[in-house]
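The values are calculated or read from the model by the stated rules, or taken from the named source; none is laboratory data. None of the values given here were measured: they were computed from a predicted structure. All Cβ positions, glycine included, derive from the backbone under ideal geometry; neighbour counts span all protein chains shown.
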């Protein structure tokens, strides 16, 4: 069993449902509109919580209505808010999301208070007994990297979801116990094409050679590749997508929760894949995240169908 913490971003999401994603200079009428909580860090925190991971949460918000709303939501869900910091000078992060009729999305983010979360703040608010920590790249990257280096030196296991995609410093890779890129992020990190299982395996091996202990490359409906202490391919459970926003975060949060709970890496990824597949059948981000019980029931029902396609 591991003591889990997740550090990252929070954004207030403003979502538009449209027939298609607008082209540059084009105006498209929306068929629906809703707001909700988002940000990769917060999405993963809520997912891990719903999956039974009991994460310590570290995010930073503004002293505004949006910041107070996420504090209230965490309290309602039973997520501790000890690590929720406030910046009185910056607005809470905001994201504009467009979702088309196929469930595809594009997103624009204004980071706001997310960009002022420092490594010292992270290290000061994290519980001393944390043994597993998850990060993403929506906060200030240099501060995130500094926190990862310090925690890794203490023996804390680190999972990095390298999104938004960007190159990483060479010294960072040996600090990572788990690196979880999607195909685009894996291509950015390696300079190699990543469009199928074989290319994902080659990219993962290249990342292992840089010092990371385990690499999990997600390929959407094509499944995901695990390389490192175990080598495996996990076929995807294919569902008709209504909204894919946050599916990768639900994958990451579930995977962290299951590793913290004592599951093997392969089993954790199987359940993360199932939670992600189930989430795309509903609109919203955290609202679409299944519980641990729902995920296990869904995975048991559909896993054999996915395996038959391999």
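Residues in segment 181-197: is at least one within 19 Å of residue 253 (Cβ to Cβ), buried (at least 24 other Cβ atoms within 10 Å of the Cβ) and in contact (Cβ under 8 Å) with a residue 24 or more places away in the chain?
yes
Specify the residue that is surrounded by the fewest Cβ atoms within 10 Å (Cβ to Cβ); the eligible residues are those in segment 272-287 that are part of a loop (DSSP other than H, G, I, E, B) and free of Cβ contacts under 8 Å to residues at least 60 places away in the same chain.
Here the answer is 282.
Which numbered condition in (1) closer than 22 Å to residue 6 by Cα; (2) part of a loop (DSSP other than H, G, I, E, B); (3) touching a strand residue (DSSP E or B) at 6+ places or on another chain (Cβ under 8 Å); (4) touching a residue at least 40 places away in the same chain (Cβ under 8 Å) is the only one that residue 262 fails?
(3)
Being in contact with a helix residue (DSSP H, G or I) (Cβ under 9 Å, 6 or more places away or on another chain) and closer than 29 Å to residue 28 by Cβ narrows it down to one residue among 49, 91; which is it?
Only one candidate qualifies: 91.
Against the conditions (1) within 27 Å of residue 294 (Cα to Cα); (2) surrounded by 19 or more Cβ atoms within 10 Å (Cβ to Cβ); (3) touching a residue at least 60 places away in the same chain (Cβ under 8 Å), where does residue 34 fall short? Just the number, please.
(2)
Condition (residue is under 18 Å from residue 55 (Cα atoms), in contact (Cβ under 8 Å) with a residue 40 or more places away in the chain and out of contact with any helix residue (DSSP H, G or I) (no Cβ under 9 Å at 6 or more places or on another chain)) applied to segment 129-136: is it met by at least one residue?
The answer is yes; a qualifying residue exists.
Filter segment 231-256 for residues that are under 17 Å from residue 284 (Cα atoms) and either in a loop (DSSP other than H, G, I, E, B) or free of Cβ contacts under 8 Å to residues at least 40 places away in the same chain (or both) and give the result.
Passing the criteria: 239, 240, 241, 242, 243, 244, 245, 246, 247.
Keeping to segment 82-92, report how many residues are surrounded by 14 or more Cβ atoms within 10 Å (Cβ to Cβ) and either free of Cβ contacts under 8 Å to residues at least 40 places away in the same chain or on the phi > 0 side of the Ramachandran plot (or both).
The number of residues fulfilling the criteria is 5.
What residue, of 249, 243, is buried (at least 21 other Cβ atoms within 10 Å of the Cβ), in contact with a strand residue (DSSP E or B) (Cβ under 9 Å, 6 or more places away or on another chain) and more than 24 Å from residue 158 (Cβ to Cβ)?
243
For the structure I just gave you, tell me whether residue 114 is at pLDDT 95 or above, within 30 Å of residue 64 (Cβ to Cβ) and surrounded by fewer than 14 Cβ atoms within 10 Å (Cβ to Cβ).
no
Is it the case that residue 294 is surrounded by fewer than 19 Cβ atoms within 10 Å (Cβ to Cβ), within 20 Å of residue 78 (Cα to Cα) and modelled with pLDDT under 95?
yes
Inside segment 1-42, counting only strands (runs of 3 or more DSSP E) that do not spill past its ends, which hold 3 or more residues that are at pLDDT 90 or above, in contact with a helix residue (DSSP H, G or I) (Cβ under 8 Å, 6 or more places away or on another chain) and within 30 Å of residue 150 (Cα to Cα)?
The strands (runs of 3 or more DSSP E) meeting that bar are 4-7.
Only one of 230, 225, 217, 194 is out of contact with any strand residue (DSSP E or B) (no Cβ under 9 Å at 6 or more places or on another chain) and modelled with pLDDT of 95 or more. Can you tell me which?
Result of the check over 230, 225, 217, 194: 230.
Just name the residue that is farthest from the chain's Cα centre (by Cα) out of those in segment 48-70 that are outside any loop (DSSP other than H, G, I, E, B) and within 13 Å of residue 260 (Cα to Cα).
Filtering first and then ranking leaves 56.
Can you work out which of the residues in segment 138-157 that are part of a loop (DSSP other than H, G, I, E, B) and on the phi < 0 side of the Ramachandran plot is surrounded by the most Cβ atoms within 10 Å (Cβ to Cβ)?
The extreme case among them is 139.
Within segment 43-60, can one find any residue that is loosely packed, with under 15 Cβ neighbours inside 10 Å and either farther than 19 Å from residue 243 by Cβ or at pLDDT 95 or above (or both)?
Among the residues of segment 43-60, not one is loosely packed, with under 15 Cβ neighbours inside 10 Å and either farther than 19 Å from residue 243 by Cβ or at pLDDT 95 or above (or both), which makes the answer no.
Identify, by number, the condition in (1) modelled with pLDDT under 95; (2) crowded, with 17+ Cβ neighbours inside 10 Å; (3) more than 19 Å from the chain's Cα centre (by Cα) that residue 95 doesn't meet.
For residue 95, the failing item is (3).
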